[in-house]
Amino acid sequence: MIERMDERYPVYRIRVRDMDESQLMEISKSMGLALNREEMLRIRSYFRDLGRDPTDVELQAIGQAWSEHCCYKSSKYVLKKYIVGIDAPQVYLVGEDAGVVEFDDDHVYVFKMESHNHPSFVEPYGGAATGVGGIIRDVLCMGAKPIALVDSIFFGRLDYPYENLQKGTKHPKFLFNGVVAGIRDYGNRVGIPTISGITYFNNFFLNNILVNVGCIGICKKDDVIHSRVNKVNENLVLVGGKTGRDGIHGVTFASKVFDREENVERTAVQLGNPIIKEPLIHAVLEAVDEKIVDGMKDLGGGGLSSVVGEMCLAGGVGAEVFLEKVPLKESNMAPWEIWISESQERMMIAVSDENLQKLMDIFNHWGLEASVIGRTIKEKVLKLYYNGIKVMDLDLSFITSGPVYCRPYRIKYPSQVILDTIPPEPSYNEIFDKIISHLNVKSKYSVFSQYDHEVKGNTIIKPLNGKIGMGTHSDASVIKPLENKYRGLAITSTSNPMLTSLDPYWGAMSIFDEAVRNLVSSNAIPHSMADNLNMGNPENPEVMGQLYEVARGLGEAARALGIPYVSGNVSLYNENNGVSIPPTPTLMAVGIVKDIRRVITTSFKGFGNPVYLINETRREMGGSIYYDILGIESHIVPKVNLVELREISSMILKAMGKRYIKSCHDISEGGLAVTLAEMSMGTGIGIDADISSIEFMRSDFKLFSESNTRWVVEIDRDYENEFLNLMNGIKIHKIGYLNDNGILRIRDGRRNIIKKDVEYIRDLWGGSIE
């Protein structure tokens with residue numbers, strides 16, 4: 001059923017026309033195609049119509065193009081229904097390797113977020129590092145200079161007993177240390193600051209960690225490059241690193257569930273090289289500045305197989321490619337390996353004959369490989385040759401027309417019999433200590449201190465803000481992307497698997513709400529987002545139901561506020577031996593800071609200033625840190641009022657513009673008590689707070705509820721009346737004044753609830769998470 005085409009080279013013809021269904025499935029498995037029965041039958045039918053059998057190169061190319069990772073065959077219908085196509089005037093370009101959004105009259109910012117979950121579970125250091133490398137190239141190939149990185153990473157609990165691990169599962173400590181080191185080493189060595197992110201621990205992720213990384217860049221509007229080539233006789237130039245056997249079958253490996261019994265090849269994980277990436281960035285940007293690049297795309301998932309076909313299809317042309325011209329790490333690679341290798345630090349550039357030598361000179365100057373491996377042709381086909389042997393000749397429309405499934409789904413709502421256990425009232429000082437030291441509340445300094453978040457000198461608000469030697473978490477980081485302008489970008493990342501596991505719709509709404517709150521807290525106008533949807537096996541109707549509900553929640557929220565998703569990623573098959581992760585959407589949100597000299601941070605500023613809680617607190621304890629510690633289940637998760645979110649955000653930004661607000665922090669994990677503690681820790685300033693004016697309910701619900709659309713603001717005491725007049729019509733509560741004794745004191749009327757020294761809180765909060 002398999003015959004060699006030439007004795008000199010490892011090129012084979014696969015006789016699929018004569019195969020029955022079982023043989024087709026055996027070929028799919030043995031060749032690592034990860035294609036199902038219907039897809040293999042479609043391939044057989046296509047080649048029967050052609051009157052010939054495919055080569056191994058052709059089958060491998062189809063396997064890459066039709067993978068879940070590349071063609072979004074399970075999620076495309078859902079994305080189009082809910083998320084894609086949110087109109088907003090600030091959108092400059094979408095639908096390519098990264099989203100492009102207007103920054104000012106002359107510039108755009110470019111950003112994207114993607115997952116590298118499967119590779120990081122197999123090889124945490126390399127998987128995380130190449131995730132960073134890939135997201136940098138996505139931004140770079142649009143013609144933008146990468147200026148900042150974001151990481152959102154999810155693990156099982158670090159104290160999980162070794163003896164309880166399933167066979168083949170690595171301990172969370174090993175995975176955590178490897179992932180953090182990979183992100184650290186790649187970002188630091190390439191010289192791009194990692195300025196924001198999430199580090200989250202829950203045994204949801206014991207058998208399937210998540211590594212989501214994002215990058216943002218800046219460029220002139222005139223320098224934006226398209227991920228396509230639309231001219232005939234253009235040179236296809238492969239630049240950057242050499243091609244090897246690393247990353248082979250990366251996209252098909254990421255498009256199926258883990259199997260403990262299956263031998264997972266580490267060759268599916270790419271090998272990054274930040275030392276090559278740094279000059280590659282310079283060379284690419286120099287070529288862009290010279291106006292000689294007619295199209296460009298990075299080589300990520302699927303390697304050459306994806307990049308050539310996608311560039312040509314988008315531009316309405318075809319291509320001839322000569323695989324023997326591809327620079328190799330190993331001399332004995334088969335043609336199909338060359339074609340689908342996902343070796344890192346490679347870009348494809350389309351350039352005219354007129355500008356070819358100039359491009360080659362630029363890359364030679366930077367000491368980088370640059371090889372003409374093919375040309376574009378008028379006929380919309382993809383022809384591959386290897387030392388004179390034609391190893392592929394397929395219509396682009398067939399290769400890239402991967403299947404689109406409208407898979408069956410079942411939406412599982414929270415129990416119709418609402419489960420809402422009310423615990424006995426706690427010892428408040430004891431439960432506060434447990435909450436402030438909870439893994440998902442306490443400081444992540446031991447993580448982000450490994451990242452150089454100040455390289456390039458453009459980071460205005462860092463992951464920590466406050467006095468030197470103190471510091472507290474920032475709601476968003478702020479960078480100054482241009483030397484001669486004070487306009488800035490605020491960047492944050494949000495996710496809450498506890499909420500989305502209970503209710504995917506309201507959980508998705510909640511992380512959108514938090515993203516907006518984080519930006520507004522920094523005096524930034526929420527401007528655009530990238531969505532990264534991490535889900536389980538889409539062949540499970542309940543998982544598809546979760547995807548529908550997550551997308552519906554995110555889409556409704558974005559349309560209501562006019563904040564578009566300009567790029568995104570869907571990572572499916574996050575399942576290990578029948579156990580799926582909960583739906584885990586992660587957002588990267590970007591806001592515009594009109595003047596970086598007027599940013600707001602979360603740290604308290606001045607003794608005697610009044611402190612206000614903005615908006616209503618509700619007894620919505622499902623998914624809260626408080627209930628997690630108590631081991632109590634509730635299906636009443638926080639809801640979102642999108643009208644309130646839009647109106648209150650606008651009023652807070654107005655108050656900041658008038659300089660009424662000295663500090664601001666949104667209320668999220670841990671509730672009001674944690675928010676007040678974090679604001680105190682930044683400067684050591686304490687607060688005398690009285691929560692009796694908050695909605696009538698028990699004190700623990702006032703303190704630890706995680707209701708949405710709430711902020712705590714410190715008001716300049718000289719402008720308190722003006723603030724109250726401006727906020728007329730919005731529910732606000734005066735909860736106290738800042739003190740100079742370094743004590744966090746909270747009472748509910750005459751009843752003392754919590755009294756803690758701020759330094760004591762910092763010791764609990766700041767202890768190393770390891």
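The values are calculated or read from the model by the stated rules, or taken from the named source; none is laboratory data. Since this is a predicted model, take the numbers as computed values, not measurements. In this analysis, Cβ positions are derived from the backbone assuming ideal geometry, glycine residues included, and neighbour counts consider all displayed protein chains. Accessible surface is based on the protein model in full, side chains and every heavy atom, while ligands, DNA and RNA are left aside. Shrake-Rupley method; radii C 1.70, N 1.55, O 1.52, S 1.80 Å.
Things worth noting here:
- The alpha-carbon of residue 731 sits under 25 angstrom from the alpha-carbons of these lysines, leaving out residues fewer than 8 places away in its chain: 605, 639, 654, 658, 662, 702.
- Solvent exposure of segment 516-657 amounts to 26 Å² per residue of accessible area, where only protein heavy atoms count and the probe is 1.4 Å.
- Shown for segment 2-54: the carbon plus sulfur share of the solvent-accessible area, taken with all protein chains present and a 1.4 angstrom probe, equals 44%.
- Across 81/291; 242/462; 242/358; 242/444, pairs whose alpha-carbon gap is larger than 28 Å: 81/291; 242/462; 242/444
- Compared with the dominant Cα axis of the chain, that is its longest principal axis, helix 541-561 is turned about 60°.
- Taking the charge dipole of the chain about its Cα centre, with +1 at Lys and Arg Cβ atoms and -1 at Asp and Glu Cβ atoms, the residue from 301, 91, 406 reaching farthest to the positive side is 91.
- Estimated from helical segments only, the mean residue ellipticity of the chain at 222 nm is -10000 deg cm²/dmol, where each DSSP H run of four or more residues counts as -39500 (n - 2.57).
- Summary of the geometry: segment 453-523 and segment 753-770, compared by the centres of their Cα atoms, lie 22 Å apart.
- ³J(HN,Hα), Karplus 6.51/-1.76/1.60, whole Hz, each residue of segment 683-691, x for Gly, Pro: 10, x, 7, x, 9, 9, 10, 10, 9
- Shape index of segment 602-770: Rg/Rh, with Rg the Cα radius of gyration and Rh the Kirkwood radius from the inverse mean 1/r over Cα pairs, equals 0.95.
- All alpha carbon pair distances within the chain were sorted into 10 Å bins beginning at 0; the resulting P(r) in whole percents reads 3, 14, 24, 25, 17, 10, 5, 2, 0, 0.
- Gyration tensor (alpha-carbon) shape descriptor, segment 2-54, a/c threshold 1.5: oblate
- Integer Hz, Karplus 6.51/-1.76/1.60 couplings in order for segment 140-148, x for Gly and Pro: 4, 5, 8, x, 9, 7, x, 10, 7
- Nearby lysines by direct alpha-carbon distance to residue 167 (threshold 23 angstrom, same-chain neighbours under 8 apart not counted): 256
- Evaluated at q = 0.12, 0.14, 0.16, 0.25 Å⁻¹, the base-10 log of the normalised Debye intensity for segment 324-416, with identical point scatterers placed on the Cα atoms, takes the values -0.59, -0.73, -0.90, -1.41.
- Taking the C-alpha atoms only, the angle from helix 172-190 to the longest principal axis of the chain is near 70 degrees.
- Spin-label pair residue 485/residue 395, simplified geometry with 7 Å Cα→Cβ offset, distance in nm: 4.6 nm
- Charged-residue dipole, Cβ positions (Lys, Arg, Asp, Glu), segment 666-770 about Cα centre, Debye nearest 20: 540 debye
- Charged-residue dipole, Cβ positions (Lys, Arg, Asp, Glu), the chain about Cα centre, Debye nearest 20: 900 debye
- Scalar couplings 3J(HN,Hα) for segment 724-732, obtained by applying the Karplus form with A = 6.51, B = -1.76, C = 1.60 to θ = phi - 60°, are 5, 5, 5, 8, 4, x, 9, 6, 10 Hz; x denotes Gly and Pro.
- Cross-link table 220/380; 29/173; 112/480; 173/297, entries beyond 30 Å C-alpha to C-alpha: 220/380; 29/173; 173/297
- Taking the protein heavy atoms of segment 352-396 in the context of the full set of protein chains, the accessible area attributed to carbon and sulfur is 44 percent at 1.4 Å.
- Bins of 5 Å from zero: percent of alpha-carbon pairs in segment 375-474: 2, 7, 8, 9, 6, 5, 6, 6, 11, 12, 9, 6, 5, 3, 2, 1
- For segment 434-567, alpha-carbon Rg relative to the globular expectation (2.2 N^0.38 Å, N residues): 1.22
- Projecting the Cα positions of 712, 665, 651 onto the charge dipole of segment 602-770 (unit charges on Cβ atoms of Lys, Arg, Asp and Glu, taken about the Cα centre) puts 651 furthest along the positive direction.
- Cα-projected label distance for residue 688 with residue 419, points at 7 Å along beta-carbon direction, nm: 4.4 nm
- Straight-distance crosslink candidates among aspartates and glutamates, where the alpha carbon sits under 12 Å from residue 383 and sequence neighbours closer than 8 are dropped: 58, 320, 393, 395
- Sulfur and carbon atoms: percent of accessible area, segment 575-663 [1.4 Å]: 48 percent
- Tilt relative to the chain, helix 21-30 - C-alpha long axis, 0 to 90 degrees, to 10: 70 degrees
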